[in-house]
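K.L.:
Pasting in a structure now, in structure tokens, and then I'll have a few things to ask.
The values are calculated or read from the model by the stated rules, or taken from the named source; none is laboratory data. Keep in mind it's a predicted model, so treat the numbers as computed, not measured. Neighbour counts run over all protein chains shown; Cβ positions are idealised from the backbone, glycine included. Remember, those area values only see protein heavy atoms, side chains included, never the ligands or the DNA or RNA. Shrake-Rupley method; radii C 1.70, N 1.55, O 1.52, S 1.80 Å.
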Amino acid sequence: MQNTAEIFDPESAGQQALKNFEALLGDMDFTVELELMGIGRLQFLLRRQMLLEWRSLYMALWRLALDKSFPHDAGRIFDAFVRDYSAAHPDKQSAAGLVRAGEYWGMLAPAGETDFNPAARHLVSFFSQDVKELRSMRLKLALHIRKIYKSIFDRLL
């Protein structure tokens, strides 16, 4: 009978999670997220900023999923992703996205998968609408962020 270490190699599982996330991130267009926030095609500057925010949040959500699935290796796997991503995307906007991903991770890490309101609150802070509308948007975003997290977690391996 094989022991667990022979059946499950954490290095290969981590590599698989890294490859899966790179594919997921590459496939995201964030159309649904921008529509949820009421951002139209002609709102170029806001659209560009929100694409950066969502891409960064997506990275932080993946880091959160890694933390749950690979508690001892999550940091190492995420660092490998950051190295690879930085090498493949040496532009300023991608570097800013990685910094922002760290900031989102800081918002999400304390509560883990139980509370996505800090990230939703931050996204809503880019808007100056009626308080009721902002509250409604924050709730919708928090629920949507939870849905994205679950999707990322389900596709981790």
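K.L.:
If a residue has to be in a helix (DSSP H, G or I), free of Cβ contacts under 8 Å to residues at least 12 places away in the same chain and either within 22 Å of D115 (Cβ to Cβ) or open to solvent by less than 50 Å² (accessible area, probe 1.4 Å) (or both) to count, how many in region 32-54 make the cut?
P.N.:
0
K.L.:
For S12, work out the one condition from (1) at negative phi; (2) in contact (Cβ under 8 Å) with a residue 24 or more places away in the chain it doesn't fulfil.
P.N.:
Against the list (1) at negative phi; (2) in contact (Cβ under 8 Å) with a residue 24 or more places away in the chain, S12 comes up short only on (2).
K.L.:
Taking region 72-102, which residues are of a type outside the set (G, A, S) and crowded, with 16+ Cβ neighbours inside 10 Å? Walk me through how you get there before you give the answer.
P.N.:
So in region 72-102, the residues of a type outside the set (G, A, S) come out as 72-73, 76-79, 81-85, 89-93, 98-100.
Scanning region 72-102 gives D73, I77, F78, F81, Y85, L98, R100.
K.L.:
For region 55-80, how many residues are touching a helix residue (DSSP H, G or I) at 6+ places or on another chain (Cβ under 9 Å), in a helix (DSSP H, G or I) and farther than 19 Å from D154 by Cβ?
P.N.:
Narrowing region 55-80 to residues touching a helix residue (DSSP H, G or I) at 6+ places or on another chain (Cβ under 9 Å): 55-70, 72-78, 80.
Then drop every residue that is not in a helix (DSSP H, G or I), which leaves 55-69, 74-78, 80.
Retained after the next criterion (residues that are farther than 19 Å from D154 by Cβ): 55-56, 75-76, 80.
Total satisfying the criteria: 5.
K.L.:
Looking at this structure, is R76 of a type in the set (D, E, K, R) and modelled with pLDDT under 95?
P.N.:
Numbers: of a type in the set (D, E, K, R): yes; modelled with pLDDT under 95: yes.
In short, yes.
K.L.:
I've got another one for you. Checking A23 against (1) open to solvent by 10 Å² or more (accessible area, probe 1.4 Å); (2) touching a residue at least 60 places away in the same chain (Cβ under 8 Å); (3) within 23 Å of L156 (Cβ to Cβ), which test does it fail?
P.N.:
(2)
K.L.:
Can you give me the number of residues within region 107-116 that are surrounded by fewer than 14 Cβ atoms within 10 Å (Cβ to Cβ) and either within 21 Å of L156 (Cβ to Cβ) or touching a residue at least 40 places away in the same chain (Cβ under 8 Å) (or both)?
P.N.:
Going residue by residue through region 107-116, those that are surrounded by fewer than 14 Cβ atoms within 10 Å (Cβ to Cβ) are 109-112, 114.
Those left that are additionally either within 21 Å of L156 (Cβ to Cβ) or touching a residue at least 40 places away in the same chain (Cβ under 8 Å) (or both): 109, 111-112, 114.
Final tally of qualifying residues: 4.
K.L.:
Would you check which residues across region 123-157 are open to solvent by 40 Å² or more (accessible area, probe 1.4 Å) and in contact (Cβ under 8 Å) with a residue 40 or more places away in the chain and list them?
P.N.:
Matches in region 123-157: F126, K140, F153, R155, L157.
K.L.:
Sticking with this one: Does region 58-66 contain any residue that is in contact (Cβ under 8 Å) with a residue 60 or more places away in the chain and of a type in the set (S, T, Y)? It would help to see each step written out before you state the result.
P.N.:
Going through region 58-66, the residues in contact (Cβ under 8 Å) with a residue 60 or more places away in the chain turn out to be 58, 61-62, 64-66.
After this cut, where a residue has to be of a type in the set (S, T, Y) as well, the list is 58.
Yes, because at least one residue in region 58-66 is in contact (Cβ under 8 Å) with a residue 60 or more places away in the chain and of a type in the set (S, T, Y).
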